[in-house]
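Chemist: Got a structure for you, questions after.
The values are calculated or read from the model by the stated rules, or taken from the named source; none is laboratory data. Owing to the predicted nature of the structure, the values given are computational and were not obtained by experimental measurement. Note that each Cβ is placed from the backbone with ideal geometry, even for glycine, and that neighbours are counted across all protein chains shown.
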Amino acid sequence: MLLQKLIAIITITAVSTVGFMIQNASAEDEKRKVNPETDKAYEHVIAPILASRCTGCHGANKAKGKFRLHTKEEILKSETVVGGKLEESTLIERIMLPDDDEDVMPPEGKDRLSAEQKKIINWWIAEGASFDKKISELNVPGDLATIIAGLIYSKPKEVVITKAFNLPDLPQPADAGAVGAIDKAGVLIMQLAQDTKYLSANAINVAKSFNDAQVKLLIPVKTHLTWLDVSRSGITDQSASDVGQLSMLTKLHLENTSITDQMLQHVGKLSNLEYLNVYGTKVTDAGLEHLKGLKKLKKLYVWQTGVTEAGANKLKEAIPGLDVNMGWKQPEKEDKPEEPKKG
Ligand code: HEC
């Protein structure tokens, strides 16, 4: 099916540009079939299309035409979508123009929407452009049901990237000498995205040799470093106070390392943190106690650790909206991963 292929291509593109960012060992990142009974029309069908074709220009990083389409709030603000009224929705007007019209969206030179994608967007708006309803709660004509049944869902990657842009703009790039030293140590250090001076650092290629001494190299770029992946590396609790200084981190991968609750004591100071992965470590419920002040934390991965459901629930009470991923054990998750991934 064409749409399926398109989505596969899009996913590959996303992987190649931000490849290192998406190796979170998480079942939810995996591709799966759309399920009309449990999946939402906007989140699981519409948002991925917009993410693949539109939000590069109308999204977190750019606002061409002075509007964005990457969240519910931004779509509503854009006034390009009027639920139930195709003829009043400028979004429909623009995507339905002939391919050679100079106002057609996406514009010339960019990958166009397929006939199926146009059909899906038209359907969603005609059905009221709901952001909350499940597919099965809408009226789904037979031909659309067939298209939807063939869709593959994988979480749009841009959603993750946008997180970093909640941070204030940086006037200066990071110190080139400090970046050079990190690079020389074999750590992949790069700008998080084109339009930002924030940096991501990934030690995956040197995981075996990366240790507490190298963590010290990161401190001179702490004002710029917002993503850090030291999973599977030799990092230990000895770096805890150094890690605790990396205050702009929004995303931290510590999975499969020898860190313990002592590390979390310092991680608990990283008040910008939105994503933390400590899967396959020795952390326990006592360690989670230190994380209670991380009010921006949205995702925490603790499978194959000493963390219990009771401990996870306690933290969830302290941080509204937090999703604690305990792997197969997680009881109340709606769309349970089909197969637990083996670490
Ligand atoms: C390569 C960048 C780019 C891509 C990709 C892109 N757009 Fe645009 N879009 C623009 C620019 C630039 C404008 C402002 C100029 C204009 O109105 O043509 C615009 C304008 C629009 C407008 C007019 C808004 C208004 O005020 O009336 C709509 C609607 C729109 N885009 C929707 C989309 C949709 C939906 C997609 C994806 C299917 C998309 N665009 C993809 C660059 C892009």
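Chemist: Give the range 50-70 a look and list any residue that's more than 8 Å from the ligand (Cβ to nearest atom), without any contact (Cβ under 8 Å) to a residue 40 or more places away in the chain and farther than 19 Å from Lys118 by Cα, or say none.
Modeler: Listed by number, the list holds a single entry, Ala63.
Chemist: Something else about it: Report, ordered by the first and then the second residue, all pairs with beta carbons closer than 6 Å, sequence separation of six or more or different chains, a first member in the range 202-223 that is over 15 Å from Leu252 (Cβ atoms), and a second member that is β-branched (Val, Ile, Thr).
Modeler: Asp212/Thr236; Leu217/Ile182
Chemist: Of (1) surrounded by 15 or more Cβ atoms within 10 Å (Cβ to Cβ); (2) within 15 Å of Thr226 (Cα to Cα); (3) more than 18 Å from the chain's Cα centre (by Cα), Pro173 satisfies all except one. Which?
Modeler: Here Pro173 clears every test but (1).
Chemist: Can I ask one more? Take residues that are over 26 Å from the mean Cα position of the chain (by Cα) and at negative phi and tell me which of the helices (runs of 4 or more DSSP H) falling wholly in the range 50-169 contain 1 or more.
Modeler: Numbers: elements: 72-78, 90-96, 115-126, 142-149, 158-162.
So the answer is 90-96, 115-126, 142-149.
Chemist: Something else now. Does the range 37-53 hold any residues that are crowded, with 21+ Cβ neighbours inside 10 Å and over 15 Å from Lys155 (Cβ atoms), and which are they?
Modeler: Hits for the range 37-53 are Ala41, Arg53.
Chemist: For the range 74-85, give me each residue that is over 13 Å from Ala129 (Cα atoms) and loosely packed, with under 13 Cβ neighbours inside 10 Å.
Modeler: Matches in the range 74-85: Lys77 only.
Chemist: Report, by residue number, each residue of the range 76-106 that is under 22 Å from Ala60 (Cβ atoms), without any contact (Cβ under 8 Å) to a residue 40 or more places away in the chain and of a type outside the set (Gly, Ala, Ser).
Modeler: Leu76, Lys77, Glu79, Thr80, Thr90, Leu91, Arg94, Ile95
Chemist: I've got another one for you. Out of the range 306-317, which residues are under 20 Å from Gln262 (Cβ atoms) and not charged (D, E, K, R)?
Modeler: As a first pass, look at the range 306-317 and keep what is under 20 Å from Gln262 (Cβ atoms): 306-308, 311-312, 314-315.
Within the range 306-317, Gly306, Val307, Thr308, Gly311, Ala312, Leu315 meet the criteria.
Per-residue answers, yes or no, for (1) buried (at least 17 other Cβ atoms within 10 Å of the Cβ); (2) among the aliphatic types (A, V, I, L, M); (3) in a helix (DSSP H, G or I):
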{"residue": "Val179", "(1), (2), (3)": "yes, yes, yes"}
{"residue": "Ile182", "(1), (2), (3)": "yes, yes, yes"}
{"residue": "Gly186", "(1), (2), (3)": "no, no, no"}
{"residue": "Met190", "(1), (2), (3)": "no, yes, no"}
{"residue": "Gln194", "(1), (2), (3)": "no, no, no"}
{"residue": "Ala213", "(1), (2), (3)": "no, yes, yes"}
{"residue": "Leu217", "(1), (2), (3)": "yes, yes, yes"}
{"residue": "Leu228", "(1), (2), (3)": "yes, yes, no"}
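Chemist: Report whether or not Asn139 is under 19 Å from Ala51 (Cβ atoms), at pLDDT 95 or above, in the same structural domain as Ala47 (by TED's automatic domain parsing) and polar (S, T, N, Q).
Modeler: Values: under 19 Å from Ala51 (Cβ atoms): no; at pLDDT 95 or above: yes; in the same structural domain as Ala47 (by TED's automatic domain parsing): yes; polar (S, T, N, Q): yes.
When the stated conditions are applied, Asn139 does not pass them.
Chemist: Among the candidates Glu93, Glu127, Glu88, which residue alone is away from the ligand (no atom under 13 Å from the Cβ), surrounded by 13 or more Cβ atoms within 10 Å (Cβ to Cβ) and in the same structural domain as Leu50 (by TED's automatic domain parsing)? Talk me through it step by step, then tell me what you get.
Modeler: On the way: Glu93 fails: away from the ligand (no atom under 13 Å from the Cβ); Glu88 fails: away from the ligand (no atom under 13 Å from the Cβ).
Unique residue meeting the criteria: Glu127.
Chemist: Would you check which residues across the range 144-169 are more than 14 Å from Ser52 (Cβ to Cβ) and modelled with pLDDT of 85 or more and list them?
Modeler: Matches in the range 144-169: Leu144, Ala145, Thr146, Ile147, Ile148, Ala149, Gly150.
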